[in-house]
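What follows is a single structure, written as structure tokens, with notes after it.
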Amino acid sequence: MPDPTHPARQCPDGLARLLSGGRWPPDDPDVRDALEAALADGSWGQYLGPHVGRLSAALTEFFDLPYAYPCCSGTFAVELALRSLPVEAGDEVILAGYDFPGNFRAIEAIGARPVLVDVDPANWNLDDQQLSAAIGPCTRAVLVSHLHGGLVRMGAVLEIAKRHRLAVVEDICQAPGAVVEGRLAGTWGDVATLSFGGSKLLTAGRGGAILTRRADLYQRAKIFCEQGNHAFPLSELQAAVLLPQLAKLQERNSRRLAAVERLVEGLGDLKSLRPVEKLPDSSVPVFYKLGFRYDVASGRPRTDFIAAARAEGVAIDAGFRGFALRSQKRCRTSGDLAGCRLAAESALVLHHPVLLEPDETIDRVAAALVRASGVA
């Protein structure tokens with residue numbers, strides 16, 4: 001049944017299609033050619049065809065890491081990364097109290113216990129300054145996600161992790177191609193995770209991968225997955241459509257970044273809606289979602305703003321709910337998680353497809369957001 005809340009059904013004259021950026025994934029002739037070639041040679045349905053191997057090689061070249069291991073989803077990639085370290089039952093894994101729900105569950109899936117730390121209220125990402133206080137005798141790893149166009153200060157995280165002999169999992173499912181402190185995201189930790197889900201910047205409908213420089217992690221991941229054959233595979237057809245997208249990733253990331261800068265400029269001094277802050281260094285964010293900090297004291301509830309923006313045709317939503325209200329039976333918390341609570345109450349995310357649209361569309365999105373805010 002059609003969704004009556006979708007912006008295309010609320011906004012007249014096709015404006016929604018323009019402002020929301022149309023469908024994702026886009027109609028890409030190179031992807032179409034890859035599909036047709038895989039159909040023509042029959043490789044799309046093979047167990048061990050050429051495309052997964054080519055994708056693995058392309059990922060290792062892109063990230064300049066020796067090992068890439070594709071799998072069935074980004075969520076499973078996080079679990080596989082933890083298993084490869086290895087994190088075991090009874091261990092603790094630190095993560096931000098505001099994060100993708102699947103990351104919390106991936107820790108639970110291996111019998112480990114999540115430990116929640118607060119986020120930087122300027123960008124909704126893990127606050128490295130609160131990391132040390134969360135470490136306990138059972139802590140074995142830190143799971144770091146780069147979310148909503150924000151980035152974590154990985155240099156500080158690695159310094160703390162090294163001092164306490166902790167492993168680091170870097171989740172770049174929202175940030176493929178981002179640069180953190182002059183270094184490509186995904187190359188900082190012991191292992192990184194990618195998602196190829198249907199809405200992601202690199203999409204095959206489903207799928208994921210782990211990346212690492214450590215041969216022992218790669219070997220443990222293979223041993224866990226290859227139970228007679230690969231029990232959690234990425235298909236040859238999925239790999240085939242990802243290859244042309246990976247080749248275009250950085251060019252598209254640059255276009256999205258320019259669009260975000262134009263959009264933010266178009267918002268002017270609108271105080272009720274402020275984008276997440278960048279790191280003040282050589283970092284370059286990537287925008288799967290453009291995160292905003294909504295001023296809940298602005299006089300207009302966040303739900304009303306979202307409804308008004310979507311009626312204007314802008315594909316914007318609330319962020320994650322976070323884990324601040326999770327039972328202490330399921331996790332341990334460090335501090336009061338005030339930043340996580342604020343993020344759950346006030347984060348907004350603009351979906352990325354519109355960021356590849358022309359400048360005039362970006363200007364219309366900015367104007368629509370100003371109108372939705374209630375500013376005359």
Residues in region 179-190: is at least one surrounded by fewer than 24 Cβ atoms within 10 Å (Cβ to Cβ) and either among the hydroxyl-bearing types (Ser, Thr, Tyr) or free of Cβ contacts under 8 Å to residues at least 12 places away in the same chain (or both)? yes
Of the numbered conditions (1) under 25 Å from Lys278 (Cα atoms); (2) modelled with pLDDT of 95 or more, Thr139 fails exactly one; give the number of that condition. (1)
From Ala34, Ala58, which residue is farther than 28 Å from Phe100 by Cα and of a type outside the set (D, E, K, R)? Ala34
Take region 325-364 and flag every residue that is in a loop (DSSP other than H, G, I, E, B), open to solvent by 20 Å² or more (accessible area, probe 1.4 Å) and in contact with a strand residue (DSSP E or B) (Cβ under 8 Å, 6 or more places away or on another chain). Arg326, Arg330, Gly335
Among the listed residues Ala307, Ala347, Ala367, which satisfies the condition of being at pLDDT 95 or above and either under 22 Å from Phe100 (Cα atoms) or polar (S, T, N, Q) (or both)? Ala347
Given (1) of a type outside the set (A, V, I, L, M, F, W, C); (2) farther than 23 Å from Asp28 by Cβ; (3) in contact with a helix residue (DSSP H, G or I) (Cβ under 9 Å, 6 or more places away or on another chain), where does Pro280 come up short, assuming only one miss? (3)
Helices (runs of 4 or more DSSP H) wholly in region 27-125 with at least 1 residues that are surrounded by fewer than 24 Cβ atoms within 10 Å (Cβ to Cβ) and without any contact (Cβ under 8 Å) to a residue 12 or more places away in the chain - which ones? 29-41, 51-63
Has region 145-152 got at least one residue that is more than 18 Å from the chain's Cα centre (by Cα), farther than 18 Å from Asn253 by Cα and β-branched (Val, Ile, Thr)? no
Hits in region 127-181 - residues which are within 18 Å of Phe63 (Cα to Cα) and assigned to a helix (DSSP H, G or I): Met154, Gly155
Take Gln250 and tell me if it is over 20 Å from Leu151 (Cβ atoms) and polar (S, T, N, Q). no
Tell me the helices (runs of 4 or more DSSP H) entirely within region 212-323 that contain at least 1 residues that are open to solvent by 60 Å² or more (accessible area, probe 1.4 Å) and within 25 Å of Asp120 (Cα to Cα). 236-267, 302-311
Please count how many residues of region 119-137 are touching an Asp or Glu at 6+ places or on another chain (Cβ under 8 Å) and of a type in the set (Ser, Thr, Tyr). 0
Taking region 158-182, which residues are under 21 Å from Arg83 (Cβ atoms) and aliphatic (A, V, I, L, M)? Ala161, Leu166, Ala167, Val168, Val169, Ile172
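The values are calculated or read from the model by the stated rules, or taken from the named source; none is laboratory data. As the structure is a computational prediction, the values presented were derived from the model and not from experiment. Counting neighbours? That spans all protein chains shown, and the Cβs are built from the backbone with ideal geometry, glycine included. Remember, those area values only see protein heavy atoms, side chains included, never the ligands or the DNA or RNA. Shrake-Rupley method; radii C 1.70, N 1.55, O 1.52, S 1.80 Å.
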